[in-house]
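The values are calculated or read from the model by the stated rules, or taken from the named source; none is laboratory data. Quick caveat, the model's predicted, so the values are computed rather than measured. Cβ sites come from the backbone with ideal geometry, for glycine too, and all protein chains shown count toward neighbours. We work out accessible area using only protein heavy atoms, side chains counted, and drop any ligands, DNA or RNA first. Shrake-Rupley method; radii C 1.70, N 1.55, O 1.52, S 1.80 Å.
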Amino acid sequence: MVTTGGAAHSPGLTELLAGHRPQGPTETADHERVRHLTGAADAWDRGTPLHFTASALIVHPPTRRVLLRWHVRQQAWLQVGGHGDPGETRPLDIALREGLEETGLTDLTPWPDAALVHLAVVPVPASPVEPAHEHADLRFLLATGTPERARPENPAAPLEWLTIAEARQRTTEENLRETLDRAARLLDAPA
């Protein structure tokens, strides 16, 4: 969260996307594609063919490691995150809640700040209860000082601390590799 005048402030969609500068042609096209959703009442509605989700790559800066989670439905190693609960509209708050629920880490904080790190429109295959659709995934970096306390929310969703190189090899998702590369640049930046 961003602190302003003593009050915590987590930007909404419009503010977040207005402040984000896409990197490269894919993210630029995704950014243009989803801008019209920011004012829509159903921007977070999972029943629409394209809707927002919020996620985070959890980092432990002292060791330069990142936390990946096995995602059963996608059958892939991914970052933590997901859909907003009813009434939730602030992306960073959603990413923080999902991070806590999926890892048990209670000390997650935006790192190095609360900025959006990556926007990626990702396809989601059909399931027995949902048709194929797309997520406009808003990605943040969250840091923990207690990596040893990470616990999966259930046995089917194990967690693994990995170096950036190991995480790049583990994931099959090119869009997550881009998020990992952005995290690596920030982890390598002088303090």
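Of the helices (runs of 4 or more DSSP H) lying entirely inside the stretch 9-109, those carrying at least 2 residues that are of a type in the set (A, V, I, L, M, F, W, C) and within 20 Å of A143 (Cβ to Cβ) are 91-103. Quick check on R21: is it closer than 20 Å to A183 by Cα, surrounded by fewer than 17 Cβ atoms within 10 Å (Cβ to Cβ) and among the basic types (K, R)? Spelling it out, R21 is indeed closer than 20 Å to A183 by Cα, surrounded by fewer than 17 Cβ atoms within 10 Å (Cβ to Cβ) and among the basic types (K, R).
Within the stretch 93-109, the set of residues being touching a helix residue (DSSP H, G or I) at 6+ places or on another chain (Cβ under 8 Å) and open to solvent by less than 20 Å² (accessible area, probe 1.4 Å) comprises just one member, L105.
Out of R90, R185, R168, R97, one residue alone is more than 23 Å from P11 (Cβ to Cβ) and of a type in the set (K, R). It is R168. Restricting attention to the stretch 36-46, the residues that are at pLDDT 90 or above and open to solvent by 20 Å² or more (accessible area, probe 1.4 Å) add up to 2.
Based on this model, can you work out whether P62 counts as within 20 Å of L162 (Cα to Cα), surrounded by fewer than 16 Cβ atoms within 10 Å (Cβ to Cβ) and of a type outside the set (S, T, Y)? So P62 passes the test. If you take the residues of the stretch 134-152 that are in contact (Cβ under 8 Å) with a residue 60 or more places away in the chain and surrounded by fewer than 16 Cβ atoms within 10 Å (Cβ to Cβ), which of them is nearest to A120 (Cα to Cα)? If we take residues in the stretch 134-152 being in contact (Cβ under 8 Å) with a residue 60 or more places away in the chain and surrounded by fewer than 16 Cβ atoms within 10 Å (Cβ to Cβ), then P152 is nearest to A120 (Cα to Cα). Do we find a residue being in a helix (DSSP H, G or I), crowded, with 17+ Cβ neighbours inside 10 Å and either free of Cβ contacts under 8 Å to residues at least 24 places away in the same chain or not small (G, A, S) (or both) anywhere in the stretch 114-125? Checked against the condition, which is being in a helix (DSSP H, G or I), crowded, with 17+ Cβ neighbours inside 10 Å and either free of Cβ contacts under 8 Å to residues at least 24 places away in the same chain or not small (G, A, S) (or both), the stretch 114-125 yields no hits at all.
Could you list, in sequence order, all residues of the stretch 153-171 that are assigned to a loop (DSSP other than H, G, I, E, B), in contact with an Asp or Glu (Cβ under 9 Å, 6 or more places away or on another chain) and open to solvent by 60 Å² or more (accessible area, probe 1.4 Å)? E153, the sole residue that qualifies. For the criterion of being at pLDDT 95 or above and more than 22 Å from R149 (Cα to Cα), P25 passes.
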